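This report concerns only the one structure given below.
Read-outs throughout are calculated quantities, based only on the coordinates presented, and are distinct from any laboratory measurement. This is a predicted model, so every value here is computed, not measured. Neighbour counts are summed over all protein chains in view; Cβ atoms, including those assigned to glycine, are modelled from backbone coordinates with ideal geometry.
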Amino acid sequence: MTIETAVARQSEAKRWATVAVVMGCGIGAALQVGKVPIAAAMLQQSLGIDLAAVGTVAGIFAVLGLFGSVPAGVVIAAVGARRVLLCGLAAIALGAASGALAPQLAVLLASRMLEGLGFLLVMVACPALLDRVVGNGARDVTMAVWSCVMPFGIALALVAGPIFDGWRTIWWASALLVAVLFVLAIIIVPDVPSRTGPRRAGLMQQAAALARRRTPALLMLLFALYSLMFFALFSFLPILLTARLGVSSQGAGGLSALAAAGNVLGNLAAGNLLARGVSRPLLIAVAALVMGASALGIFLPVLGGWGAFVLCLLFSATGGLIPATLLATAPAAAGSATMVPVMMGLLMTGSNFGQVTGPIAVGAVVSAWGWGAASVMVVAAAMLACLAAWLLARNHVSVSQARGEA
């Protein structure tokens, strides 16, 4: 083996170690989303709150992301993704630890906002790091795998949650996990040179110009609608399955985790389909239609409990096509490497909108009118997603065309 070959292999090993740690950071951040659904019954009993309040605990997590995702992308472009990633991990660990000590709902909500800030920073920084680490030829597949971190993290929380004896223990465990990831990121993730001097000038203007373009705006809208549909179901799925199937909290957690894991299949399938040249707007529209139709059978009492669960699997697996497709399209729509973090920030703005409105709205309408009312919101979001996908197709979106437009 030559010295050059050995160096190349070492460099390749470091690259994939970085990818693994970055993916792990995403999973650790996503786990903070999934821990609320599995702890919902514990929160109700411990704090004496209703489903609407549980929805607020879940939804307030993403409030900062509504306004901070694009500025976070600008900060990453200016100071580097690694620094922002470390700040995000620190915020999540501190927020989770604070939540574990919360004596009442108001303090818990404040700690969830701190967790949400960290989640925002991590989920914008990680794709920007991946875009730098992997080559253009592996971008679609890498982003498809990255889109798995959210359902995988949620599934991990749903599986592991019932093992613990209370929601505070779940919060402590999540804080410890992220603290370990923080240390690994310091050791393994390389520093990305920051942009200095006059080159920073005009980043906000460039970000505003990017957000006004049709393709980025449609991608953001589509992520918002997908996120709304997904979290409208998964924020309360353990409670829904317990009511429909009469299973224990641990059984409901396991089934909910299985449904969330189904989303990973859709994420990976999207990467394969995109590599084969399948139309991106078509993938999005088909997935949205299936999600909307499945929601009718899930929330309305037209099928037995197990029939509704099968539709949950279909809802999740098919829905996974959407985020993977959007994330794979985003770097090209950004138009330049500098604007990739900003484009990811736009997607996170959409994602956070769905995370905020989905749980809060569903918690409110279910408390007032029952589970069937939730289907109306999901079906309406699915129809709007189909319309947005049609507009995307009319805009002749493809990877190369998106790059040219941006």
Query raised in the report: Put +1 on the Cβ of each Lys and Arg and -1 on the Cβ of each Asp and Glu in region 1-123; which of VAL63, ILE76, ALA30 then has its Cα farthest toward the positive end of the dipole?
Result: ILE76
Query raised in the report: Based on DSSP H runs of at least 4 residues, each adding -39500 (n - 2.57), what is the mean residue ellipticity at 222 nm of the chain after dividing by all its residues, to the nearest 500 deg cm²/dmol?
Result: -28500 deg cm²/dmol
**Report entry** the chain, dipole about Cα centre (Lys/Arg Cβ +1, Asp/Glu Cβ -1), debye to the nearest 20
**Finding:** 840
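Are there DSSP H segments in the chain that both extend 27 Å or more along their axis (alpha-carbon positions) and score a mean Kyte-Doolittle hydropathy of at least 1.0? List them, or say none. Don't skip to the answer; put the middle values down first.
Values: long enough: 3-47 (63 Å, 0.66); 81-100 (29 Å, 1.40); 105-133 (41 Å, 1.66); 167-188 (32 Å, 2.14); 214-234 (30 Å, 1.81); 249-275 (40 Å, 0.87); 280-299 (29 Å, 1.93); 340-369 (42 Å, 1.17); 372-394 (34 Å, 1.90).
Result, helices passing both filters: 81-100, 105-133, 167-188, 214-234, 280-299, 340-369, 372-394.
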